[in-house]
1. Here is a check on your reading of the model: is Glu95 of a type in the set (D, E, K, R), in a loop (DSSP other than H, G, I, E, B), loosely packed, with under 10 Cβ neighbours inside 10 Å and in contact (Cβ under 8 Å) with a residue 12 or more places away in the chain?
2. Quick test for you: out of Lys51, Lys22, Lys72, pick the one residue that is within 18 Å of the chain's Cα centre (by Cα) and exposed (fewer than 13 other Cβ atoms within 10 Å of the Cβ).
3. Against the conditions (1) at pLDDT 95 or above; (2) surrounded by 14 or more Cβ atoms within 10 Å (Cβ to Cβ), where does Tyr44 fall short? Just the number, please.
4. Out of the residues in region 53-83 meeting the condition of being part of a loop (DSSP other than H, G, I, E, B) and in contact with a Ser or Thr (Cβ under 9 Å, 6 or more places away or on another chain), tell me which one is modelled with the lowest pLDDT.
5. Out of Asp45, Asp5, which single residue is farther than 30 Å from Ile111 by Cβ, acidic (Asp, Glu) and free of Cβ contacts under 8 Å to residues at least 12 places away in the same chain?
6. Can you name the residue in region 25-48 that is among the hydrophobic types (A, V, I, L, M, F, W, C) and within 26 Å of Ile81 (Cβ to Cβ) and, of all such residues, is nearest to the chain's Cα centre (by Cα)?
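The values are calculated or read from the model by the stated rules, or taken from the named source; none is laboratory data. Please read these numbers as outputs of a predicted model, since none were measured by experiment. Using ideal geometry, Cβ is built from the backbone for each residue, glycine included, and neighbour counts are taken over all protein chains shown.
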Amino acid sequence: MKKLDKCYDCGGRMVVKNAPFKVKGILVGNFPAMVCTKCKAVFYDEDMSRKVTKVTKEKGLWGLESTTRVNKIGDSLGVIINKKIIDFLGLKKGELVKVYPEGRNKIIIEI
C-alpha cells in the first residue's frame, strides 16, 4: 500500500488501518486503507479500490441506484422500482411494505 504522510483534505497524519466500506448503508467489508487521524478521511490505493469494486459487484451491490419518474395512479402517485432493486430486496407482488419519509428528501421502504 502506498503510504501518505498527510491527509489530502485537512493535512492531518495518516495511518494504515482496516476501514469499513459501505454501499447504501450495507457493509461490503473492511479493507486496508490510509485513514486520517484528524478528519477520519479514508483513502484506498488503486489495487485496493479494484478489490473493493470486485467484492461490491460479487455481493450484488453494484449498480443498484436508478432514476425513475413519479407516475399518477388514480388519486395516488406511484414510483416504479427497477428489477435489480426488486431482486436484491426479494420483493414479491402483493407484499406489504411500510413507506414513510425520513426528512423532506428521502423516502424509506421497509419490508
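1. Numbers: of a type in the set (D, E, K, R): yes; in a loop (DSSP other than H, G, I, E, B): yes; loosely packed, with under 10 Cβ neighbours inside 10 Å: yes; in contact (Cβ under 8 Å) with a residue 12 or more places away in the chain: yes.
Taking the combined requirement at face value, the residue satisfies it.
2. Working: Lys51 fails: exposed (fewer than 13 other Cβ atoms within 10 Å of the Cβ); Lys72 fails: within 18 Å of the chain's Cα centre (by Cα).
Selected residue: Lys22, the only one of Lys51, Lys22, Lys72 that is within 18 Å of the chain's Cα centre (by Cα) and exposed (fewer than 13 other Cβ atoms within 10 Å of the Cβ).
3. (1)
4. To start, the set of residues in region 53-83 that are part of a loop (DSSP other than H, G, I, E, B) comprises 59-69, 74-75, 80-82.
Now restrict to residues that are in contact with a Ser or Thr (Cβ under 9 Å, 6 or more places away or on another chain): 62, 80-82.
Values: Trp62: 88, Ile80: 93, Ile81: 92, Asn82: 91.
Within region 53-83, the match that is modelled with the lowest pLDDT is Trp62.
5. One residue alone meets the criteria, Asp5.
6. Filtering region 25-48 down to residues among the hydrophobic types (A, V, I, L, M, F, W, C) leaves 26-28, 31, 33-36, 39, 41-43, 48.
Going one step further and asking which of them are within 26 Å of Ile81 (Cβ to Cβ), we end up with 26-28.
Values: Ile26: 6, Leu27: 8, Val28: 9 Å.
Selected residue: Ile26.
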